[in-house]
Structure formats: C-alpha cells, structure tokens
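Below is one structure, written out as structure tokens; the observations come after it.
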Amino acid sequence: MNEVSSKVLAIDQSTSATKAVVFDIQGRLIDRYSVEHRPIYPKPGWVEHDAEELWRNTQSVIQSAAEKHRDFICLSITTQGETFVIFECATGRPLHHAVVWQCRRGDEECARLIRNGHADPVSEKTGLKIDGYFSAPKLAALLRANFDLRSKLQTGDALFGTIDTYLLYRLTNCRVFATDSTNASRTLLFNINTLTWDQELCDLFEIPIHALAEVCDSASRFGFCDNPSLPANLPIAGVMGDSQAALFGHRCFKPGQAKVTIGSGSSILFNSGPRVPTSGIRTIGWTHKGVATYCLEGIISYSGATITWLRDQLGLIHSADEAETAALAVPDNGGVYLIPAFTGLSDPYWSPTSRAAIVGLGASSTRNHVLRAALESIAYQIKDALASMTDGAQVALRPIHADGGATRNRFLTQFIADIVGTDIILSNNADVSPLGAGLAGLLGMSTYASVEQLAELPMEEHIFIPQMSCSVAAGLYQGWRNSVHKIVTEP
C-alpha cells in the first residue's frame, strides 16, 4: 500500500449524529460526512435512540466516504459513552431502543444500592460513583421492567454492549463481540484495577457476565469489516469512547495534561499516569499492550444541550450560533444564572433530584441575559468539575485542551479561560474524537510505534489567554455557587 496516499476512516457515533471522518496518516482532515438522528423521550428524564437508525446512519456515512475514498489502512470507531444496546446474538438486531447516557431511569436503582452500603465498594473497583449516568443502573432498571430481555440475556440469545460493541458486531456481520477498556470502564461492571469484568459487580446489578463482550486494548485490531461499501478485509483498529478518544487526539499523553470536550454535555479528563488515583472520579484514558493510562474525570450532563433546549423548547433562538450574538449584546449577565439541572447535577454535586432553574431574573432582564447565562453556565460547571478533580491529583494542571462543537462560540471559550484562570488550547480540528480513535488505529496497525511518535505529529491550535481580572471572575463564580445552592445541597 502506498503510505503517502493511505487514509484512516473513523466512525464517530455521537449523541446527536453519526459521522464518517477521513484522515491521512499525519492526522490531517481530508473529508467528513454526517447524518443526524432523533432523540426519543419515552418519559420525563428518560432518553433513548433508535439503535437501528444508528446502524442505518453508520452504513450511510460509510457508503458516502467509500464512494470517494478507497485507500484506507483501517476503520476506527469512537462512540458516545455509557449508552448501550441489547441486541440479538444471531442477527445483531436491536431488541430495544439504545438507552442513552443522559437517561435517568436508573436513579431508583442507584438510591437502593447506596442505601444498602454499596457506594464505597463499587467506587473502589470502578473508580466511579453509583449514579444513573453510567450503564449498569439503567440496564438493571430496564431488565426489571422487561422479563423477556432479561431471559434472552440469561440464555445467550441476546447480548449487551455499549455502542462501540453494537457497531463492531454489525460491521463484522456478528463475528466480533468485543469492546475496549475505555468503554467497558463506563458501565460500573468493570474493575479498573484488574482490567476485567467483575463478577461481584455483575451480581450486584443482576447482569449475566456471559452477556458482556471481550475487553481489548484501545489500539487493538478488533477484526475485519464485512461491508459491501468497503474494501474486503479492511481491519478495524482503534476503538475508544468519545471523551477518551478526544484526550488521545489532543495528544495528552503526559500526566497533568487535560482536555475538555464540550458537546451536548461536557467531559473533562485529566491524565494522572499509569497508577489508579486514590480519590476523585477515576477512569481509564486508554490501554496499550495491556497497560492502562488512568485519568481523573469531571462529568457535566448539560452544556451545548442547554442551548438546544433554549432553541427547541423555548424558541428563544433559531440556531445555536445566535447565542453568541445575544451574549455579546449585553455587557454582563445582569445577575442572571441558569442552572441546567434538567436531569439532575453531576460532578461535584451528584444530585439526581435537582431540577433546572433560572435564578436572579429582574424587571430589566432580557432574552439576551438568559442566553448569556446559559453559555456562562458551561464555564462555571467546568470550573466546578476541575476543582473537584484536582483535589485528588498528584500532579499540577497544565493548560487545558478543548474541543467540541460549542467551542466554535468564541465568547464561550474566552469566558472559560477567564473563569477557570488558565490558558485554553483550542484545536482547529473539530473532529478530535474520531482523530483520536484514528491515531489509536494507526498505533494498532504499527504505522507508528509509540505514543511519543504520535505526539510529534503536527497540530493546529489557537490559544485563549485569561483576560478578565481575578476579582471579577471570582465574583461571577461566587454568584454561580450561591445560585446552585438554592436548588441543591453539596454532599
């Protein structure tokens, strides 16, 4: 194969769309194709996707990419984390809608387990909180309500998988039932100390361990595509959850490096090195040759989704781009704070029962103040999460790498730099997650021998330097904290 013209095809199946992104082996963007899918809200606080629609959209973007490009080294996959599918073993056909990471159907299950004293043992094994954000509580709730699904999982007629597992299974015509360690670590069923599924955790959530996929390194070769649009025997290499893939795509390979991905929600990952941190929310950044790189994590459920809510539910704007214009039309937030606890608050509050509020409205408040408050809430939540994370870190925080659709809003990115008080390094590549999966794929295909070689690849970036005075930033942040305390009490 001619290495100069070789390419990587990366599938990015996110909360809002499915993309096929083509890169060259230097990590430079060549082409991209995208198809959106619809969210499904069966009940208040419940969120699902039509898994068959996700599969159709995956096939569609692959076909679009393959019509123009052929010389692929491999296909790589990055997917929305925590979202899962129960699918038929024989065909890969989904037996229920995909249950999305935003869904809160598992909250009662979590409350029961916490009351019964399981919080610390689960945290020690998984690095995570018992929270409905993660897969297992939602799966347990789904199986309690659906005996047929439970029975099929127990008999082996059905399988459980995060979205990467589901796509792998269908892309290989049901030949490969696998996942990678980053996706496995988001389920509350995976022991990050032993890097294996944990029988005690499976028993706790009443999940049959035989229904879980083989766990591989993130840079593994997972199998071969069986797809008429693609070259025969195209390897699948490089599979990661979207947040971890973004960390990899930013080349945050050294302890102390961190990234924030601002999409529908926000995920902050802080590279803490090869040892499991002793406190905080802990997860796996990636595994290579059986060795894990661990991270501290901050989780925010509603970031860009807050702007979508203002557009779709309240009709305050027609497009997300209007939010930046509105924010700049007023000199400040006018004392207005929007707390986007639509499905509760995550890190550091972990309050699933909290609900959204707009605090500080007065007679002079306008639409622009509310829209500005919505954008500002993203920065305040990032600062909240970083404060919680760095308390458990053994290394100092370096400047933060940022990506995600919301970072196109330059007001927002500058405001994050001001409130957090550190440089924000913004990638000029809007597709950092698929890039990260693609780089892992190139590592798995031995195109590059090490992450050190990947770190030398060129990156196009723009740096936002804090411009606001420390006293003004501190005052704004204190106003946020005061507003949050009106709806939630910290643990």
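Counting 0.36 nm for each residue step from Arg275 to Glu206 and taking away their Cα separation leaves a gain of 21.9 nm. Give the shape of region 224-307 as rounded, prolate or oblate, defined through the alpha-carbon gyration tensor: a ≥ b ≥ c are the square roots of its eigenvalues, a/c under 1.5 means rounded, and otherwise the shape is prolate if a/b is larger than b/c and oblate if not. Note, shape of region 224-307 comes out oblate. Its relative contact order, with pairs defined as Cα atoms under 8 Å and 6+ residues apart, puts the chain at 15 percent. Descending by average beta-carbon neighbour count within 10 Å, the peptides 373-379, 232-238, 127-133, 29-35 line up as 373-379, 127-133, 232-238, 29-35, the highest first. At q = 0.17 Å⁻¹ the log10 of I(q)/I(0) for region 134-189 amounts to -0.61, computed by Debye summation with a single uniform scatterer per C-alpha, solvent ignored. Orientation-averaged projection of the chain equals 21.2 nm² [convex hull of Cα atoms, one quarter of hull surface area]. Bridges between two residues of the chain, per DSSP, are antiparallel at a rate of about 70%. If contacts are Cα pairs under 8 angstrom and at least 6 residues apart, what is the relative contact order of region 1-155 in percent? Worked out over region 1-155, it gives 20 percent.
Gyration tensor over the Cα atoms of region 112-151: the corresponding equivalent ellipsoid has semi-axes (square roots of 5 times the eigenvalues, largest first) of 22, 11, 8 Å.
Shape call for region 332-454 from the C-alpha gyration tensor, a ≥ b ≥ c root eigenvalues: rounded (a/c under 1.5), prolate (a/b greater than b/c) or oblate? Cα axes put region 332-454 in the prolate bin. Of the peptides 298-308, 210-220, the order by per-residue mean of other Cβ atoms within 10 Å, starting with the highest, comes out as 298-308, 210-220. For region 3-241, the antiparallel share of DSSP beta bridges with both residues in that region comes to about 65%. The spacing between region 428-491 and region 318-369, judged by their C-alpha centroids, is 22 Å.
Think of each Lys and Arg Cβ as +1 and each Asp and Glu Cβ as -1; about the Cα centre, that makes the dipole of the chain roughly 400 debye. Excluding Phe411 itself, calculate the net charge of residues whose Cβ lies under 14 Å from the Cβ of Phe411, where each Lys or Arg counts +1 and each Asp or Glu counts -1. Around Phe411, the surrounding residues sum to -3.
Computed from the alpha carbon atoms alone, the convex hull of region 3-241 holds 114 Å³ per residue.
Report the residues of region 201-219 in range of a label on His96: point 7 Å along Cα→C-beta, backbone N strictly under 16 Å from it. Answer for region 201-219: 205-209, 211-212.
Karplus-derived 3J(HN,Hα) values for region 78-86, using 6.51 cos²θ - 1.76 cosθ + 1.60 with θ = phi - 60°, are 10, 9, 4, x, 6, 5, 9, 9, 9 Hz; glycine and proline are entered as x. Each of the peptides 452-461, 157-166 was scored by the mean count of other Cβ atoms within 10 Å over its residues; in descending order, highest first, they stand as 157-166, 452-461. In this structure, the amide hydrogen of Leu128, modeled 1.01 Å from its nitrogen in the peptide plane, lies closer than 5 angstrom to those of Arg282, counting only residues at least 5 positions away or on a different chain. Sequence-ordered 3J(HN,Hα) estimates for region 177-193 from the Karplus curve with 6.51, -1.76 and 1.60 and θ = phi - 60° stand at 10, 8, 8, 10, 5, 5, 6, 4, 6, 9, 9, 6, 10, 10, 8, 6, 7 Hz, glycine and proline given as x.
Read-outs: derived from the displayed coordinates by stated rules, not from any lab. In this text the structure is predicted, and so the values were computed from the model without any measurement. Ideal geometry is used to build each Cβ from the backbone, glycine not excepted, and the neighbour counts take in all protein chains shown.
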